[in-house]
Amino acid sequence: MKTRFLIIAALFTFSFVNAQQQEAEEEMHSAKGVRFQKGDMFIEGGISVSTSDDANAYSINPKFGYLIADNFAVGGDLDFGGGKTDVNDGKTSFFGIGAFARYYFFEADSRRFKAFADAGLGYSHAKAEYNIVGNPVRYDNTTNGIKANITVGLNYFFSKKFAATFVLADILTYNNANPEDGSSSNSFELNVNLFNNIFAQPKFGLLYKF
């Protein structure tokens, strides 16, 4: 009786695993031929967390996009996060809001692989607090800024609705920072050389298309 039960359990397990595998293969197959068309929308975002012995930080970046034409989307995004460090009991926090335009310029692997370029413009507000050795007053400063950038990335669809997002590089970046205590600054970077090692530090996220 025990042997018969084990055989039945083994057959049930095998059937379940086989069904799950078949379902996963069908889901992957359904991602073939996925297109971005006018009227489609997507939600995209990523979460970044870093920790070390004396510091930790996090950031969250949700996006919403709307296709105004095939392969061309416009949308808005948020960016917020913060961090702490044991050095001088430092704390940081930031918040940003912006708009972007995205163009999908290349497809491969039966359209599951889609490369894109983003052009974005946004406003940010950051706050930093820390102690200064020998000074009883805690330092507190806020900075407002404007950022513009052109970014290259890609989506890989593993189902009809979901795709993994890889943000590869900011090839052009402009930053304007206006601290509460201090003079304003501007910076402009053109990083075409990042294509020499574009997968060195990619940022990962998830996209849901509807």
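The values are calculated or read from the model by the stated rules, or taken from the named source; none is laboratory data. Bear in mind that the values here come from a model prediction, so they are computed numbers and not experimental data. Virtual Cβ from ideal backbone geometry, glycine too; neighbours counted across all protein chains shown. What goes into the accessible areas is simple: the full protein's heavy atoms, side chains included, and nothing from ligands, DNA or RNA. Shrake-Rupley method; radii C 1.70, N 1.55, O 1.52, S 1.80 Å.
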Filter result (without any contact (Cβ under 8 Å) to a residue 24 or more places away in the chain and surrounded by fewer than 16 Cβ atoms within 10 Å (Cβ to Cβ)) within the stretch 65-84: Leu78
Every pair of residues 6+ apart whose Cβ atoms lie under 9 Å, when the first sits in the stretch 31-42 and is in contact (Cβ under 8 Å) with a residue 12 or more places away in the chain and closer than 20 Å to Asp109 by Cβ while the second is open to solvent by 10 Å² or more (accessible area, probe 1.4 Å) and among the hydrophobic types (A, V, I, L, M, F, W, C): Ala31/Phe158; Ala31/Phe162; Phe36/Phe72; Gln37/Ala69; Asp40/Phe210; Phe42/Phe64; Phe42/Phe210
Counted residues, the stretch 121-155 - those being surrounded by fewer than 16 Cβ atoms within 10 Å (Cβ to Cβ) and over 22 Å from Phe94 (Cβ atoms): 5
Boolean, Leu168 is touching a helix residue (DSSP H, G or I) at 6+ places or on another chain (Cβ under 9 Å) and either in a strand (DSSP E or B) or open to solvent by 60 Å² or more (accessible area, probe 1.4 Å) (or both): yes
The stretch 48-62 residues that are surrounded by fewer than 13 Cβ atoms within 10 Å (Cβ to Cβ), paired with ones that are assigned to a strand (DSSP E or B) and of a type in the set (S, T, N, Q) (beta carbon under 7 Å, 6 or more apart): Ser50/Asn56; Asp54/Thr85
